[in-house]
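The values are calculated or read from the model by the stated rules, or taken from the named source; none is laboratory data. Predicted, not measured: the structure shown is a model, and the values here were computed from it. Heads up, the Cβs are rebuilt from the backbone with ideal geometry, glycines too, and the neighbour counts pull from every protein chain shown.
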Amino acid sequence: MALTGLEIYKLLPQTNCKDCGYPTCLAFAMKLAAKQAELKACPHVSPEAKIKLEAASAPPIRLVEIAGEDGKLAVGNETVLFRHEKTFYHRPGLFVRVMDSAGDAAVKAAVAEADAFQVDYVGITLALDGFAVEAASGNPAAFAAAVKTVRAASKKPLILIAPTPELAKAGLEAAAGTRPLLYAADGSNWQAMAEAAKAAGAPLAVKGSSLDELAELTAKLQGAGIEDLVLDPGAAGHRDSLQQFTTLRRLALKKNFRPLGFPLITFPGAVAEADQTLLAAQHIAKYAGFIVLEQFEPATLYPLLVLRQNIYTDPQKPIQVQPALYEINGPDGNAPLLVTTNFSITYFSVANEVEGSGWPAWLVVADAEGMSVLTAWAAGKFDAERIAKSVKAFGVEGKVGHKRLIIPGQVAVLSGELEEELPGWQIMVGPREAVDIAAYLKAMWKN
Amino acid sequence: MPVEIPKDKWSGSVRQVTLGATAQQGGTRSRTLTLGGENAMPFLHYEGSFPNPPALAIEIRDRRPDEWSPLLYQAWGEAINDPAEWAKAAEAAGADMIFLVLSQTTADGQPNTPANAKAVVRKVLQATGLPLAVIGPGQADLDNELIVPVAEEAKGERLLLGTCEDKNYRTIVAAALANDHLVQSKTPMDVNLSKQLVILIHDMGMPLERIVMDPTTGALGYGIEYGYSVMERLRLAALQGDGMTQQPMMVTPGEETWKVKESKVGEGVPAAWGDWQKRALEWEAITGATLIQSGANLLVVRHPKTLQRLRGMVGALQPA
């Protein structure tokens with residue numbers, strides 16, 4: 001739990017020596033509390049106070065980072081239970097499981113295909129985060145070979161699923177030069193697993209059948225010098241994982257319970273009778289850090305990546321595009337002119353449809369403070385006055401040879417007012433949904 | 001190391017609202033549907049009780065809809081041409097309720113009429129014993145013109161009538177009051193607006209036991225996070241004891257998802273989007289599943305397969 005400035009002050013030398021660069025110890029304490037200064041600026045703090053202050057400033061859920069040859073993923077360090085309270089910060093990683101027993105060629109082909117996957121969502125590139133390579137063969141040499149095959153096909157971060165320390169070592173050696181997550185230590189093998197992880201500098205996942213057992217194991221592993229841990233609490237289906245993951249986040253955030261303050265890993269497709277997609281969706285919304293899927297399926301991965309993007313969007317900052325006059329498909333003076341808001345999802349929906357329709361067109365993106373058409377209209381941020389102002393401010397009349405403006409069907413009621421705000425203009429009411437724009441232009445736009 | 005499980009204690013709970021009336025209760029439904037009643041955040045069975053799992057409704061239209069996704073025509077086959085057949089097919093698909101949305105126009109392009117709306121509602125009531133919602137086309141004047149006669153025609157059935165919005169609720173609320181129905185109170189993704197409209201409707205004399213809140217949602221990728229957080233905030237307020245946020249929440253993931261490109265169309269989209277049929281179904285199901293997490297009590301979907309998948313999920317969220 002974060003300490004207040006006064007609580008920090010009590011732990012400082014209180015000599016006001018100014019060596020830290022601040023006029024008083026209290027001023028320095030306040031800066032520390034606001035996370036605008038670092039404790040190491042004080043050369044005189046006692047070792048005991050230092051331990052207390054460092055422990056208190058550590059995040060309640062540890063940030064764990066893994067890395068491939070190219071690309072990193074950091075999860076954990078979340079601060080709220082509900083995204084509206086602040087935001088969720090570190091998007092859970094989505095991984096695809098690969099078995100070493102599948103054979104070299106099959107592994108290579110599967111990984112190469114999944115590695116190449118990427119989709120554009122409102123200007124953001126979405127892709128898979130990495131691969132979970134499993135030592136299903138039970139043979140260290142085969143596992144090492146499979147890890148190398150995966151690395152030859154992808155530079156993304158890896159999770160190494162190795163049930164024994166021997167397999168773990170073989171996999172970690174083959175992954176040398178990267179920072180994979182090793183899965184997993186349990187009550188029977190934790191010492192050897194800890195040694196292997198420590199030698200490789202890799203974070204370690206830990207499996208337990210109850211929270212009590214998990215807490216005991218993490219304490220032992222920390223005692224053995226492993227700080228970067230990931231938890232698999234073993235909860236399987238929808239109900240149990242929701243309850244357990246909620247409990248774990250609450251323990252970390254509300255009780256500052258350190259032994260369980262680590263990110264979580266889940267395998268939604270390994271649960272008997274579960275719908276992998278829907279369980280993965282639940283785990284995205286409710287608190288997973290690493291999600292391992294059983295197969296690469298674009299039609300599933302794309303919506304799950306979008307869900308992750310949506311849930312982890314900062315609620316305080318809607319994603320916006322720059323208000324301006326946009327050109328699509330190289331329009332001339334006769335091309336249709338449409339208007340929409342600067343909420344990025346709205347903008348991209350409209351722009352993609354117009355682009356896909358093949359029509360050259362002009363698109364006025366009005367400043368609606370990042371809201372969608374209907375929301376902005378209800379909030380008074382997308383009214384006739386604002387639209388007219390945008391049309392005038394962006395120099396539309398200098399570029400467009402006609403005076404016809406297509407407005408979204410959702411705000412058909414604005415057409416009268418707009419004709420008053422823009423004298424001489426003809427206001428056309430477009431479709432309610434972007435997906436119908438092509439059909440609308442074909443039917444309604446005459447040059 | 002014994003770990004103490006932190007539990008939240010809440011003073012409030014979600015109000016129970018019952019839709020549909022059996023013969024004994026003055027209607028003709030073979031069963032009723034009760035929403036709400038929980039007193040903790042979704043599915044945390046260790047700190048509250050959840051007497052009524054989320055219910056699933058299928059959206060049908062009073063006639064074959066224009067411009068729906070080909071996948072939906074395929075799924076319902078011939079039944080989509082006749083509301084009574086469609087309602088039967090939805091019941092067979094496992095729906096808890098039929099959500100009938102009236103069209104703006106009749107099949108020949110003429111404005112929909114009260115006589116047509118009444119006839120369709122009568123037919124659907126005869127075709128299925130499930131509780132029924134009847135929702136207007138979404139234009140204030142036409143909504144009122146169609147819903148009032150429907151309310152009279154089905155007096156005593158405890159239909160869910162809509163859409164009540166802040167700019168148009170009085171006529172529909174009055175018709176529901178006079179004929180023993182319930183109302184859908186719909187507001188655009190805003191906690192205060194949701195609460196305010198419930199207050200306004202309640203002020204007209206409508207008992208709170210007959211109001212279902214629709215906080216509105218966006219589809220996955222198209223603003224779902226706004227609806228999701230508004231729902232979580234409404235539910236937290238309800239549990240904290242704010243009486244005017246304690247209505248059960250309904251959402252329409254079917255309507256929202258089947259109009260977005262990812263579901264609707266199979267051509268002219270990036271290859272990386274994957275198989276169309278699979279993607280379209282994932283889109284509706286993931287949207288629904290996510291809203292179940294944020295506290296939805298009633299979800300209206302369009303595809304029978306989605307209903308089946310969400311049913312499985314709701315089952316998996318029940319206590320052991």
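General observations
- Of the helices (runs of 4 or more DSSP H) contained entirely in the stretch A:171-277, those carrying at least 1 residues that are of a type in the set (Val, Ile, Thr), under 24 Å from the mean Cα position of the chain (by Cα) and within 12 Å of chain B (Cβ to nearest Cβ) fall at A:238-255.
- For the stretch A:394-447, taking the residues that are basic (Lys, Arg) and either over 37 Å from the mean Cα position of the chain (by Cα) or within 16 Å of residue A:361 (Cα to Cα) (or both), the one that is nearest to the other protein chains (Cβ to nearest Cβ) is identified as A:442.
- Number of residues in the stretch B:141-198 that are more than 20 Å from residue A:379 (Cβ to Cβ), of a type in the set (Gly, Ala, Ser) and within 14 Å of chain A (Cβ to nearest Cβ): the value is 0.
- Condition check for residue B:95: surrounded by fewer than 18 Cβ atoms within 10 Å (Cβ to Cβ), of a type in the set (A, V, I, L, M, F, W, C) and outside any helix (DSSP H, G or I): no
- Filter pass, residue B:204 being surrounded by 24 or more Cβ atoms within 10 Å (Cβ to Cβ) and either more than 21 Å from residue B:292 (Cβ to Cβ) or in contact with a strand residue (DSSP E or B) (Cβ under 6 Å, 6 or more places away or on another chain) (or both): no
- Being touching a residue at least 60 places away in the same chain (Cβ under 8 Å), on the phi > 0 side of the Ramachandran plot and not aliphatic (A, V, I, L, M) is a condition met by no residue of the stretch B:113-133.
- Each residue in the stretch B:215-243 was checked for being more than 14 Å from chain A (Cβ to nearest Cβ) and either in contact with a strand residue (DSSP E or B) (Cβ under 6 Å, 6 or more places away or on another chain) or in a loop (DSSP other than H, G, I, E, B) (or both), and 2 pass.
Yes/no per residue for (1) over 28 Å from residue A:71 (Cβ atoms); (2) among the aromatic types (Phe, Trp, Tyr); (3) at pLDDT below 95:
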site: A:154; (1), (2), (3): no, no, no
site: A:165; (1), (2), (3): no, no, no
site: A:181; (1), (2), (3): no, no, no
site: A:198; (1), (2), (3): no, no, no
site: A:201; (1), (2), (3): no, no, no
site: A:215; (1), (2), (3): yes, no, no
site: A:218; (1), (2), (3): no, no, no
site: A:223; (1), (2), (3): yes, no, yes
site: A:239; (1), (2), (3): yes, no, no
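- Just one of (1) part of a loop (DSSP other than H, G, I, E, B); (2) more than 9 Å from chain B (Cβ to nearest Cβ); (3) under 19 Å from residue A:244 (Cβ atoms); (4) of a type outside the set (Lys, Arg) fails for residue A:296. It is (3).
- Checked against the criterion of being without any contact (Cβ under 8 Å) to a residue 60 or more places away in the chain and β-branched (Val, Ile, Thr), the stretch B:73-86 has at least one qualifying residue.
- The residue pairs whose first member lies in the stretch A:4-28 and is touching a residue at least 12 places away in the same chain (Cβ under 8 Å) and on the phi > 0 side of the Ramachandran plot, whose second member is outside any loop (DSSP other than H, G, I, E, B) and of a type in the set (Gly, Ala, Ser), and whose beta carbons are closer than 9 Å, counting only pairs six or more residues apart or on different chains, are A:21/A:41.
- All of A:249, A:258 fail the test of being at pLDDT below 95 and not β-branched (Val, Ile, Thr), apart from A:258.
- Of the residues making up the stretch B:307-316, not one is more than 10 Å from every other protein chain (Cβ to nearest Cβ) and free of Cβ contacts under 8 Å to residues at least 12 places away in the same chain.
- Against the conditions (1) closer than 17 Å to residue A:391 by Cβ; (2) within 11 Å of chain B (Cβ to nearest Cβ), residue A:365 satisfies every one except (2).
- Condition check for residue A:157: in contact with a Gly (Cβ under 7 Å, 6 or more places away or on another chain) and over 30 Å from residue B:316 (Cβ atoms): yes
- Subset of the stretch B:249-280 [part of a helix (DSSP H, G or I) and touching a residue at least 60 places away in the same chain (Cβ under 8 Å)]: B:254, B:255, B:263, B:264, B:276, B:277, B:280
- Among (1) crowded, with 18+ Cβ neighbours inside 10 Å; (2) in a loop (DSSP other than H, G, I, E, B); (3) touching a residue at least 40 places away in the same chain (Cβ under 8 Å); (4) touching a Lys or Arg at 6+ places or on another chain (Cβ under 7 Å), the one test that residue A:79 misses: (1)
- Top-ranked residue of the stretch A:358-385 - restricted to ones that are within 18 Å of residue B:188 (Cβ to Cβ) and not hydrophobic (A, V, I, L, M, F, W, C), ranked as surrounded by the most Cβ atoms within 10 Å (Cβ to Cβ): A:372
- Every condition in (1) at pLDDT 90 or above; (2) of a type outside the set (Ser, Thr, Tyr); (3) crowded, with 18+ Cβ neighbours inside 10 Å holds for residue A:32 except the one numbered (1).
For (1) more than 10 Å from chain A (Cβ to nearest Cβ); (2) surrounded by 24 or more Cβ atoms within 10 Å (Cβ to Cβ), each residue gets a yes or a no:
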{"residue": "B:271", "(1), (2)": "no, no"}
{"residue": "B:280", "(1), (2)": "no, yes"}
{"residue": "B:288", "(1), (2)": "no, yes"}
{"residue": "B:294", "(1), (2)": "no, yes"}
{"residue": "B:297", "(1), (2)": "yes, yes"}
{"residue": "B:305", "(1), (2)": "yes, no"}
{"residue": "B:318", "(1), (2)": "no, no"}
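- Odd one out for residue B:172, checked against (1) more than 18 Å from the chain's Cα centre (by Cα); (2) in a helix (DSSP H, G or I): (1)
- Selection over the stretch A:107-154 of residues that are away from chain B (no Cβ under 14 Å), polar (S, T, N, Q) and touching a strand residue (DSSP E or B) at 6+ places or on another chain (Cβ under 7 Å) gives a count of 1.
- Count of residues meeting criterion [within 14 Å of another protein chain (Cβ to nearest Cβ) and over 17 Å from residue A:394 (Cβ atoms)] in the stretch A:330-345: 3
- You will find that of A:364, A:350, the residue that is modelled with pLDDT of 90 or more, touching a helix residue (DSSP H, G or I) at 6+ places or on another chain (Cβ under 6 Å) and not in a helix (DSSP H, G or I) is A:364 and no other.
- Positions within the stretch B:1-53 being assigned to a loop (DSSP other than H, G, I, E, B), under 22 Å from residue B:244 (Cα atoms) and in contact with a strand residue (DSSP E or B) (Cβ under 6 Å, 6 or more places away or on another chain), in sequence order: B:16, B:36, B:52
- Against the list (1) surrounded by fewer than 23 Cβ atoms within 10 Å (Cβ to Cβ); (2) assigned to a loop (DSSP other than H, G, I, E, B); (3) touching a strand residue (DSSP E or B) at 6+ places or on another chain (Cβ under 7 Å), the condition residue A:309 fails is (2).
- Restricting the stretch A:413-447 to residues that are among the aromatic types (Phe, Trp, Tyr) and part of a loop (DSSP other than H, G, I, E, B), the residue that is modelled with the highest pLDDT: A:425
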